[in-house]
Amino acid sequence: MRRQSRGADFSPGDLLFTAIAQEPSPSPSPQELQVPAVASDFHPAQKPLPELSRVGVDMDRQRPLSMREALALALANNKDIELRARTLRFQSLI
């Protein structure tokens, strides 16, 4: 039984011959990268690091939340949802 192939038919010997017949190309010699000195006397100003506290967050009053509590707080404080609710209430008055 002969197997049908979709490409050219090669035998393992053909591939071996092809690999042996190739000559390796010489690898390029390593070169040093020549980078010009740009503003070699530049020294950035030392700035203080930013404060790590968050605006409106009291780090001493943290408490663990369940996923349900976190989602409930996020939805209750979501201004997009609040705006949409107010818009719907206003439209119902018209």
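The values are calculated or read from the model by the stated rules, or taken from the named source; none is laboratory data. Remember, predicted model here, so these are calculated numbers, not experimental data. Reconstructed Cβ throughout: ideal geometry from the backbone, glycine too, with neighbour counts over all protein chains shown.
Data table
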{"read-out": "Flag for Phe90 being under 33 Å from the mean Cα position of the chain (by Cα) and aromatic (Phe, Trp, Tyr)", "value": "no"}
{"read-out": "Conditions (1) under 31 Å from the mean Cα position of the chain (by Cα); (2) surrounded by 10 or more Cβ atoms within 10 Å (Cβ to Cβ); (3) not small (Gly, Ala, Ser): number failed by Glu82", "value": "(1)"}
{"read-out": "Any hit, segment 9-27, residues being surrounded by 10 or more Cβ atoms within 10 Å (Cβ to Cβ), modelled with pLDDT of 90 or more and assigned to a loop (DSSP other than H, G, I, E, B)", "value": "no"}
